[in-house]
Amino acid sequence: MKFLAVTQWLTVSMLVLATAVFAADESTGEEDETTSYLFIQHAENMTYDGSKIMLEGVGGGINWFSDRPNRIVGQATLEEYLQAWAEGADSFALDPPNAVLTVDGMSPVVIELYSPTLGKENSITYDVKVLEGTLPTNASRPVLVIDSCESTGRKSNWINCAFVCGC
């Protein structure tokens, strides 16, 4: 129950932050053709070995949502997510995203993600660089909120826009 409350709080916080950032653009009266996407990945367990995190029990997908006014939401399979990671001129493979890892009872940790690989039984491993905070070596029920990716235009197809930034 507490995990759900933290997850909901984190999701709402990210939505508020995205709204605040884009409200400034809306106040100019100019129409913004950029859509920004954030990605949320839940797991049952996490391990960290000093250079990689492994998320186990990720449930086979990743949730994503866009900023307003578009309010586009969805879920992608891990296979779609990994395929899209490296696609496009401004992909996450070329410009690695920041992420925040949260776990009940500890401060959020800011990391940079590289080279995701799919493991056995719904696990995914990332190479990481810790930017702020300290990652635990083991944690239960982590939530990973992955930095935004922007696409231009009003396209709503995640696989074509969310990771292929600048489409």
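The values are calculated or read from the model by the stated rules, or taken from the named source; none is laboratory data. Computed from a prediction, not measured in an experiment: that's the story for all the values here. In this analysis, Cβ positions are derived from the backbone assuming ideal geometry, glycine residues included, and neighbour counts consider all displayed protein chains.
Some notes on this structure:
- Taken as a whole, region 68-89 holds no residue that is assigned to a strand (DSSP E or B) and among the charged types (D, E, K, R).
- Qualifying residue in region 107-128 (condition: under 13 Å from the mean Cα position of the chain (by Cα) and touching a residue at least 60 places away in the same chain (Cβ under 8 Å)): yes
- Evaluation of residue 107 against (1) surrounded by 19 or more Cβ atoms within 10 Å (Cβ to Cβ); (2) more than 21 Å from residue 58 (Cβ to Cβ); (3) hydroxyl-bearing (Ser, Thr, Tyr); (4) at pLDDT 85 or above (one fails), failing number: (1)
- Residue pairs whose Cβ atoms lie under 8 Å apart, separated by 6 or more positions or on different chains, with the first residue in region 46-68 and at pLDDT 95 or above and the second buried (at least 16 other Cβ atoms within 10 Å of the Cβ) and among the acidic types (Asp, Glu), are 46/56; 47/56.
- In region 134-163, the residues that are part of a strand (DSSP E or B) and either modelled with pLDDT of 80 or more or under 17 Å from the mean Cα position of the chain (by Cα) (or both): 138, 139, 140, 143, 144, 145, 146, 147, 148, 149, 150, 151
- Search result, residues across region 70-90 that are small (Gly, Ala, Ser), buried (at least 16 other Cβ atoms within 10 Å of the Cβ), more than 18 Å from residue 59 (Cα to Cα) and out of contact with any Cys (no Cβ under 7 Å at 6 or more places or on another chain): 84
- Output for region 119-133, where each listed residue is in a strand (DSSP E or B) and either basic (Lys, Arg) or surrounded by fewer than 14 Cβ atoms within 10 Å (Cβ to Cβ) (or both): 129, 131, 132
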